Structures are given as C-alpha cells and as structure tokens.
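Chemist: One structure is given below, represented as structure tokens, and several questions about it will come after.
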Amino acid sequence: MNKDVLILGIETSCDETAAAVVKDGREVLSNIIYSQIDLHTLYGGVVPEIASRKHIEKINQVIEKALETAGVSLSALSAIAVTYGPGLVGALLVGVAEAKAISFAAKLPLVGVHHIEGHICANYIEHPDLTPPFMSLVVSGGHTHLVNVLDYGKYEILGRTRDDAAGEAFDKVARAIGLGYPGGPKIDRAAKEGNPDAVRFPRAKVEDAAYDFSFSGLKSAVLNYLNTAKMQGQEINTADVAASFQKAVTDVLVEHTISAVKKRGEKRVALAGGVASNSALRAAMQEACQKEGITLYCPSPVYCTDNAAMIAAAGYYEYINGVRSGLSLNAVPNLKLGER
C-alpha cells in the first residue's frame, strides 16, 4: 500500500468527546479531546444522560478541529473509524451516528472499532518497534483484561475481572475515603504521601482461573477498615489507606501479568487503559519486567485515557485487513473483545 492511509477516529464511549487523524496507524496528525470530567465531578461519577447530551453538543466542533489541526479535508481521508462498543449505549450512539453520517456524505469506508482494542493499539503510536505478538494488560474504569495479542486484530483473552474493574475499584475507594471523583488520579497523588505497608489489604485469587481478577473483595475490605476505625474512634490516615489499597491492586496486576508472560514465553508487555497512567503500577511493572528480562511498553498518559488517536490506530489495522462495517453498524454496549 503505497499511498498514505489517513484515518479519522471518533471516540464517545464514556465522557470524552474525541476525534483524531492518524497516518498509517502510527503517526498522529491531530488528537482533540473534549473532557467532561469537571461536569461529572459535581455528581461524583459519570451521569450517562448528561454525557450523551454533551457529546451531541460538542462532537461536530471536535471533529472540525481535528481535521483543521491535521490540515486535511474529508476528501483526503481513507476511512472513518469509530468506537461502537463497549461503553455507555447513549454515548456510543452519538459517535456511531456521526461516523455513519460522515461515511455516507463523504463516501468513505466505515470501520467499527472495539474500545479495548483501541487501548491496546495506543502503544503502536509511540513505539514503532512494537509489533505482535506480545502480552497486554488492559486496566481501565470498566475493564481489566490480560490479553495475548497474537496479531493485528487477533486476540486471546487470558484473564478478566470477575466483578469490579481496577479503575472502578479506584473510584469507589476514592469516594469512600473522601477524595472524590475521578478516583484514579486522586488516589495516585494521595498515595505518594502514604505508607503502602500501613494496612494489609487482601490480594484476591480466583480458583481455577489463575489470570482472572477480582477487586470487589478488596473494595469491601477497605470499607470495612474505614467503618471499624470510625466506630472505634480511631484516626484514619487517608494517604496510608490510599497507598495500601493501591499497592494491593498493583501487586495483583503485576503478579498475574508476569506469571502469564513467563508461562507463554513472551518477552514483551504493553500496558493499556486509563489506569496504565498510574505511577505506582508503572513503577512496579517496570521493576518486575527488568527482573525477568521483559521489555515493557507504556503509552503516554494522554494515550492511556480515552482518546480518538488510539481508535484511529486500531481502525487502520482493521481497514488494511479488509474490515468494513457499513451503515448497518450499531452501538454494542457489552461488546466482547474479538467479536464483530
């Protein structure tokens, strides 16, 4: 394929309205994100109806800015890539409807992209040497997956959460200890001032599923610790609780990942998802990988959280593999990785 492939990516799965133009799956020409965090902070979490309405209000402006920043017109594009699942159904529908409208009006191919696949493909943007196969740990507000990336667009899920995702647990614990929303960054900051060994919280294992995750019990253990301390009139050190909880999460994530990599004989691990920007997780994973002679890849924080550059990157590999979604594409809020 001699001609440059320019993909317009659109992402509206949760509370970021995002559009980006990416060349040949790796070079970002623009990456525009309108975040609703300040709006949802008022409610202590994402309100789906408000998120959907704000997407409708902002999506045209964001796409226009992405095209303008990239210096390209619709006629120069090769295809439109859009997140169609998983995510909040109302939010997804806004992006999918917009992408279908542009596809129809500009006579451009349409490629539906899985949100988790987008997070994995974020690593391709900044790491030109990264090619499949490799192992990827995907950790976000809605997902915790351990994925064996067999090839572009081909995935084997080795482990997944049985209950709360890691990011969801961060949000719930942050709310419980009074840090508020969004929980991940706030716990990360608070933990820097605390002692990670102050409280021994549990590290859950799932019987007969060595690579699956469970964080609901850990969340309950934190709540029980807080309630007991309050009933006994004990002072609660927020930084210590944050650091101890964060260490319990990262210990499990690192242990499962390194175990899977060693058993599968892989030598490369890529972090992905919003929680991949957590400083403690990055440091612990880097230390473990160095000890085992494994190369670790991490996206910059802007490519860890929801963005459209990762969707365009994933869309590029689907596009060159011949995937075309057509105007029948619909939002699938519970879409599983590997389904289409």
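Chemist: Consider residue 54 against the criteria (1) over 18 Å from residue 97 (Cα atoms); (2) modelled with pLDDT of 95 or more: it satisfies all of them except one. Which criterion is unmet?
Modeler: Status for residue 54: all satisfied but (1).
Chemist: Would you mind stating whether residue 83 is surrounded by fewer than 16 Cβ atoms within 10 Å (Cβ to Cβ), in contact (Cβ under 8 Å) with a residue 40 or more places away in the chain and on the phi < 0 side of the Ramachandran plot? Outline the logic, then answer.
Modeler: On the way: surrounded by fewer than 16 Cβ atoms within 10 Å (Cβ to Cβ): no; in contact (Cβ under 8 Å) with a residue 40 or more places away in the chain: yes; on the phi < 0 side of the Ramachandran plot: yes.
Criteria not met by residue 83.
Chemist: Please find, within the stretch 126-155, the residue that is farthest from residue 15 (Cα to Cα) out of those that are aliphatic (A, V, I, L, M) and out of contact with any Phe, Trp or Tyr (no Cβ under 6 Å at 6 or more places or on another chain). Full working, then the answer.
Modeler: Step one: list which residues in the stretch 126-155 are aliphatic (A, V, I, L, M), which gives 130, 135, 137-139, 146-147, 149-150.
Going one step further and asking which of them are out of contact with any Phe, Trp or Tyr (no Cβ under 6 Å at 6 or more places or on another chain), we end up with 135, 137-139, 150.
Working: 135: 28, 137: 22, 138: 19, 139: 17, 150: 30 Å.
Within the stretch 126-155, the match that is farthest from residue 15 (Cα to Cα) is 150.
Chemist: A further question on this structure: Condition first: within 17 Å of residue 116 (Cα to Cα) and either hydrophobic (A, V, I, L, M, F, W, C) or buried (at least 24 other Cβ atoms within 10 Å of the Cβ) (or both). Now tell me which residues in the stretch 1-16 satisfy that.
Modeler: 9, 10, 11, 12, 13, 14, 15
Chemist: Of all residues in the stretch 296-332, count the ones that are surrounded by fewer than 18 Cβ atoms within 10 Å (Cβ to Cβ), out of contact with any Cys (no Cβ under 7 Å at 6 or more places or on another chain) and under 15 Å from residue 272 (Cβ atoms).
Modeler: 3
Chemist: Could you please let me know if residue 277 is polar (S, T, N, Q), assigned by TED's automatic domain parsing to the domain that holds residue 195 and farther than 16 Å from residue 115 by Cα? Talk me through it step by step, then tell me what you get.
Modeler: Values: polar (S, T, N, Q): yes; assigned by TED's automatic domain parsing to the domain that holds residue 195: yes; farther than 16 Å from residue 115 by Cα: yes.
When the stated conditions are applied, residue 277 passes them.
Chemist: Within the stretch 35-133, considering only helices (runs of 4 or more DSSP H) that don't extend past its boundaries, which have at least 1 residues that are under 28 Å from residue 148 (Cβ atoms)? Quick ask: steps written out before the conclusion?
Modeler: Details: elements: 37-41, 48-70, 89-106, 115-126.
Per the criteria, 89-106, 115-126.
Chemist: Please work out which residue is farthest from residue 277 (Cα to Cα), limiting yourself to the stretch 232-250 and to residues that are polar (S, T, N, Q) and modelled with pLDDT of 95 or more. Reasoning before the result, please.
Modeler: Going through the stretch 232-250, the residues polar (S, T, N, Q) turn out to be 232, 234, 237-238, 244, 246, 250.
Imposing the further condition that a residue be modelled with pLDDT of 95 or more reduces the set to 237-238, 244, 246, 250.
Details: 237: 24, 238: 21, 244: 18, 246: 13, 250: 12 Å.
Taking the candidates together, the pick is 237.
Chemist: Mind listing just one residue for me: the one in the stretch 174-207 that is in a helix (DSSP H, G or I) and among the hydrophobic types (A, V, I, L, M, F, W, C) and, of those, surrounded by the fewest Cβ atoms within 10 Å (Cβ to Cβ)?
Modeler: Restricting attention to the stretch 174-207, the residues satisfying the condition of being in a helix (DSSP H, G or I) are 174-176, 183-191.
Within this subset, residues satisfying the condition of being among the hydrophobic types (A, V, I, L, M, F, W, C) are 174, 176, 187, 190-191.
On the way: 174: 24, 176: 17, 187: 28, 190: 21, 191: 24.
This residue is 176.
Chemist: Checking residue 168 against (1) crowded, with 20+ Cβ neighbours inside 10 Å; (2) assigned to a strand (DSSP E or B); (3) free of Cβ contacts under 8 Å to residues at least 60 places away in the same chain, which single condition isn't satisfied?
Modeler: With (1) crowded, with 20+ Cβ neighbours inside 10 Å; (2) assigned to a strand (DSSP E or B); (3) free of Cβ contacts under 8 Å to residues at least 60 places away in the same chain applied to residue 168, the lone miss is (2).
Chemist: Answer yes or no as to whether residue 134 is crowded, with 18+ Cβ neighbours inside 10 Å and farther than 17 Å from residue 268 by Cα. Before the answer, list the steps.
Modeler: On the way: crowded, with 18+ Cβ neighbours inside 10 Å: yes; farther than 17 Å from residue 268 by Cα: no.
No.
Chemist: Mind listing just one residue for me: the one in the stretch 97-124 that is under 26 Å from residue 161 (Cβ atoms) and aliphatic (A, V, I, L, M) and, of those, surrounded by the most Cβ atoms within 10 Å (Cβ to Cβ)? Spell out how you get there, then give the answer.
Modeler: Restricting attention to the stretch 97-124, the residues satisfying the condition of being under 26 Å from residue 161 (Cβ atoms) are 112-124.
Imposing the further condition that a residue be aliphatic (A, V, I, L, M) reduces the set to 113, 116, 120, 122.
Working: 113: 32, 116: 27, 120: 27, 122: 28.
For the stretch 97-124, the residue satisfying everything is 113.
Chemist: Restricting attention to the stretch 277-320, which residues are of a type in the set (Gly, Ala, Ser), in contact (Cβ under 8 Å) with a residue 12 or more places away in the chain and part of a helix (DSSP H, G or I)?
Modeler: Once the filter is applied, which keeps residues that are of a type in the set (Gly, Ala, Ser), in contact (Cβ under 8 Å) with a residue 12 or more places away in the chain and part of a helix (DSSP H, G or I), the stretch 277-320 yields 277, 279, 280, 284, 288, 309, 312, 313, 314, 315.
Chemist: While we're looking at this one, here's another question. Within the stretch 95-152, which residues are among the polar types (S, T, N, Q) and within 17 Å of the chain's Cα centre (by Cα)?
Modeler: 123, 136, 140, 144, 148, listed by residue number.
Chemist: Ok, one more. Looking at 68, 11, which is the one that is of a type outside the set (Val, Ile, Thr) and under 27 Å from residue 185 (Cα atoms)? Steps first, answer last, please.
Modeler: Numbers: 68 fails: under 27 Å from residue 185 (Cα atoms).
Going through 68, 11 in turn, just one is of a type outside the set (Val, Ile, Thr) and under 27 Å from residue 185 (Cα atoms): 11.
Chemist: Look at the stretch 164-180 and say how many of its residues are more than 17 Å from the chain's Cα centre (by Cα) and not hydrophobic (A, V, I, L, M, F, W, C).
Modeler: So the first thing to find is which residues in the stretch 164-180 are more than 17 Å from the chain's Cα centre (by Cα), and the list is 172-180.
Applying the additional criterion that residues be not hydrophobic (A, V, I, L, M, F, W, C) yields 172, 175, 178, 180.
Qualifying residue count for the region: 4.
The values are calculated or read from the model by the stated rules, or taken from the named source; none is laboratory data. It should be emphasised that the depicted structure is a prediction, and the values quoted were computed from it without experimental measurement. Cβ: placed from backbone, ideal geometry, glycine included. Neighbour counts: every protein chain shown.
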